[in-house]
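**Student:** Just passing along the structure, written as structure tokens.
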Amino acid sequence: MITIALSKGRIFDDILPLLKSAGIDVLDDPDKSRKLILSTNQPDVRVLLVRATDVPTYVQYGGADMGVVGKDTLLESGTQGLYQPLDLQIAKCRISVAVRKSFDYAAAMKQGSRMTVATKYVAIARDFFASKGVHVDLIKLYGSMELAPLTGLADAIVDLVSTGNTLKANHLVEVERIMDISSHLVVNQTALKLKQAPIRKIMDAFALAVKQED
Ligand code: PRP
């Protein structure tokens with residue numbers, strides 16, 4: 001049995017064509033069913049639905065043989081024991097700094113005045129502002145980061161931006177792009193040794209599909 005850990009949403013939607021290229025069709029629709037283990041047309045391949053931040057944990061400890069996870073999550077949670085063979089070039093977005101329109105970000109950065117930054121990506125934000133030599137106070141949030149500058153909780157946020165619609169709807173502006181993000185394939189190293197042929201087959205099909213998209 002090959003077990004693939006995926007998270008619902010953008011990653012799940014974008015991985016379906018790649019799975020198809022490997023001959024795998026997911027038979028259950030996660031939007032319609034409450035099942036957490038989804039069957040596929042291949043009797044020896046199943047999909048686990050887990051939180052995005054839990055994908056590396058499932059793969060690292062062998063609860064899943066492989067998984068698909070955003071670079072943001074990998075950078076934030078660390079990648080010990082994970083083999084990362086492939087950037088799948090899906091679920092592309094970026095991590096950026098955003099502020100209220102009235103906040104002078106350039107001046108705050110220049111003056112080195114202590115900014116408060118709210119984010120789910122504490123490690124990424126800390127590294128980024130440290131690289132700029134700017135001292136910030138970080139506040140960890142778990143979602144709806146956009147509210148932080150609007151309520152006075154923080155001066156700025158560090159968050160994922162895809163279309164930019166969420167920032168726009170909340171009257172925030174993107175002032176700095178920290179890094180581009182896409183989703184990566186991660187594989188459990190022991191599973192790769194023990195189930196080499198079926199895992200390689202999926203990896204090779206994904207690699208070919210990604211190349212053809214280039
Ligand atoms: C992300 C991010 C933004 C939004 C950006 O949230 O936190 O809120 O997407 O997308 P946009 O630029 O296309 O509007 P997500 O929906 O992944 O949920 P989250 O609350 O779990 O972060």
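**Student:** Do we find a residue being at pLDDT 95 or above, of a type in the set (S, T, N, Q) and within 24 Å of LYS193 (Cα to Cα) anywhere in the range 61-82?
**Tutor:** No.
**Student:** Shifting gears a bit: Contact list please: Cβ distance under 6 Å, first residue in the range 200-212 and on the phi < 0 side of the Ramachandran plot, second residue modelled with pLDDT under 95, pairs at least six apart or on different chains.
**Tutor:** MET203/PRO85
**Student:** Follow-up. Exactly one of (1) touching a Pro at 6+ places or on another chain (Cβ under 8 Å); (2) more than 24 Å from LYS193 (Cα to Cα); (3) open to solvent by 20 Å² or more (accessible area, probe 1.4 Å) is unmet by ASP28. Its number?
**Tutor:** Among (1) touching a Pro at 6+ places or on another chain (Cβ under 8 Å); (2) more than 24 Å from LYS193 (Cα to Cα); (3) open to solvent by 20 Å² or more (accessible area, probe 1.4 Å), the lone unmet condition for ASP28 is (1).
**Student:** Name the one entry in GLY63, GLY23, GLY78 that is within 15 Å of ALA191 (Cβ to Cβ), open to solvent by 10 Å² or more (accessible area, probe 1.4 Å) and not charged (D, E, K, R).
**Tutor:** Numbers: GLY23 fails: within 15 Å of ALA191 (Cβ to Cβ); GLY78 fails: within 15 Å of ALA191 (Cβ to Cβ).
Unique residue meeting the criteria: GLY63.
**Student:** Which numbered condition trips up THR53, out of (1) more than 16 Å from the ligand (Cβ to nearest atom); (2) open to solvent by 20 Å² or more (accessible area, probe 1.4 Å)?
**Tutor:** (1)
**Student:** Oh, and also: I'd like the residue in the range 143-177 that is of a type in the set (Val, Ile, Thr) and either more than 13 Å from the ligand (Cβ to nearest atom) or at pLDDT below 95 (or both) and, out of all such residues, is nearest to the chain's Cα centre (by Cα).
**Tutor:** So the first thing to find is which residues in the range 143-177 are of a type in the set (Val, Ile, Thr), and the list is 151, 157-158, 161, 163, 166, 173, 175.
Next, only the ones that are either more than 13 Å from the ligand (Cβ to nearest atom) or at pLDDT below 95 (or both) stay: 151, 175.
Details: THR151: 26, VAL175: 21 Å.
The residue in question is VAL175.
**Student:** Oh, and also: Among the candidates VAL47, VAL69, which residue alone is assigned to a strand (DSSP E or B), within 16 Å of the ligand (Cβ to nearest atom) and either open to solvent by less than 80 Å² (accessible area, probe 1.4 Å) or in contact (Cβ under 8 Å) with a residue 12 or more places away in the chain (or both)? Don't jump to the end; show me each part of the working.
**Tutor:** Numbers: VAL47 fails: within 16 Å of the ligand (Cβ to nearest atom).
After ruling out the rest, the residue left standing is VAL69.
**Student:** Can you name the condition, by its number, that TYR105 falls short on among (1) open to solvent by less than 60 Å² (accessible area, probe 1.4 Å); (2) under 22 Å from LYS195 (Cα atoms); (3) away from the ligand (no atom under 16 Å from the Cβ)?
**Tutor:** Checking TYR105 against (1) open to solvent by less than 60 Å² (accessible area, probe 1.4 Å); (2) under 22 Å from LYS195 (Cα atoms); (3) away from the ligand (no atom under 16 Å from the Cβ), the one that fails is (2).
The values are calculated or read from the model by the stated rules, or taken from the named source; none is laboratory data. In this text the structure is predicted, and so the values were computed from the model without any measurement. Heads up, the Cβs are rebuilt from the backbone with ideal geometry, glycines too, and the neighbour counts pull from every protein chain shown. Surface accessibility is based on the protein's heavy atoms, side chains included, excluding ligands, DNA and RNA. Shrake-Rupley method; radii C 1.70, N 1.55, O 1.52, S 1.80 Å.
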